[in-house]
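First comes the structure, then the notes that go with it.
The values are calculated or read from the model by the stated rules, or taken from the named source; none is laboratory data. Not measured: the values here are computed from a predicted model. Neighbour counts are summed over all protein chains in view; Cβ atoms, including those assigned to glycine, are modelled from backbone coordinates with ideal geometry. Each accessible area value is taken on the protein alone, full model and side chains, heavy atoms only, with ligands, DNA and RNA left out. Shrake-Rupley method; radii C 1.70, N 1.55, O 1.52, S 1.80 Å.
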Amino acid sequence: MATKLVFVGEMGAGKTTAIRSVSDMEPISTEMPISDEDALQVSQGKSHTTVALDYSSIELGDGQLLHVYGVPGQAYLDFMWPIVAEGAIGVVVLVSTLNPRALPSTLALLERFRVLAPDACFAVGVTCQDRHPTFAFAALRDGLAAAGHRLPVMWVDAREAMQVDFLVKALLSCRYPETSR
Ligand SMILES: Nc1nc2c(ncn2[C@@H]2O[C@H](COP(=O)(O)OP(=O)(O)OP(=O)(O)O)[C@@H](O)[C@H]2O)c(=O)[nH]1
Ligand SMILES: [Mg+2]
């Protein structure tokens, strides 16, 4: 059985960092220096951005290999999204607390990837809690639920392997398509 997991999310959400944290191997990444225009969209002082995809793999412990991909965050590179998402069994949407449009952004990504990966189960990881401790986590979680998305929503520091691993395991533990909508 193919096991493919995709990390999605806006620029700077932590996709490349999460994949690097949780990988068994040195990830393949397509990072380029950030353009001035893209730099305006993120407040992290990021120097590089993914322009095609990230790829790595994780040994699941039962001999199965989980193929892990990340997509570019910028909407103008979204032609890569269907290519990368095809056949995914899981999609992790990462969203940063520093994103002022966290809820609408997450809803839009869930809508889009539910179509691109119809057999996938979904989870949401909220990054950068330490940088915005008063972020309205419950409002995000409740807003997703109100829109019909019943799925794990949890804090994750993309730099911490154990936290990313926990999020991936939470997603894999509900390996069924969302049935709420
Ligand atoms: N302080 C803090 N930094 C974090 C956390 N999670 C991720 N980061 C940082 O946020 C940045 C995320 O950058 P990337 O991993 O390149 O983000 P990306 O989603 O791949 O972005 P694009 O490829 O440009 O779409 C990195 O500098 C991470 O170290 C967190 O929980 N706390
Ligand atoms: Mg990236």
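Tabulated data
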quantity	calculated
Linear extension gain, residue 98 paired with residue 130, 0.36 nm per residue minus alpha-carbon span	10.5 nm
Residues of type lysines that residue 46 reaches as a straight line, Cα spacing below 20 Å, ignoring anything fewer than 8 places off in the same chain	15
Within a Gaussian network of the chain (alpha carbon springs, distance under 10 Å), most fluctuating of 23, 105, 35	35
Given 14 as the ceiling on other Cβ atoms within 10 Å, longest exposed-site-free region of the chain for GluC sites (Glu not before Pro) in DSSP loops	1-85
At 0.692 mPa s and 37 °C, Stokes D of the chain from Kirkwood alpha-carbon radius, µm² per second	203 µm²/s
Virtual spin-label span in nm between residue 160 and residue 77, 7 Å along Cα→Cβ	2.7 nm
Most fluctuating residue given options 170, 139, 123, as computed from a GNM of the chain linking Cα atoms under 10 Å	139
Sulfur and carbon atoms: percent of accessible area, region 4-173 [1.4 Å]	57 percent
Residue-by-residue Karplus 3J(HN,Hα) for region 122-135, coefficients 6.51, -1.76, 1.60, Hz, glycine and proline x	10, 8, 10, x, 9, 9, 6, 4, 5, 8, 8, x, 8, 3
Label-to-label distance, nm, for residues given as residue 24 and residue 169 (7 Å Cα→Cβ offset)	1.6 nm
Loop-located chymotrypsin sites (Phe, Trp or Tyr not before Pro) in region 4-100, at most 16 other Cβ atoms within 10 Å (DSSP)	79
Computed over the chain: relative contact order in percent, which uses C-alpha pairs under 8 Å that are six or more apart	25 percent
Restricting region 11-117 to trypsin sites (Lys or Arg not before Pro) in coil, as DSSP defines it, with at most 13 other Cβ within 10 Å	101
Among 102, 88, 145: highest mean-square fluctuation, GNM of the chain, C-alpha pairs under 10 Å	145
Residues of the chain: accessible area per residue with a 1.4 Å probe, Å²	48 Å²
Antiparallel bridges, percent of DSSP beta bridges restricted to region 4-173 (to nearest 5)	40 percent
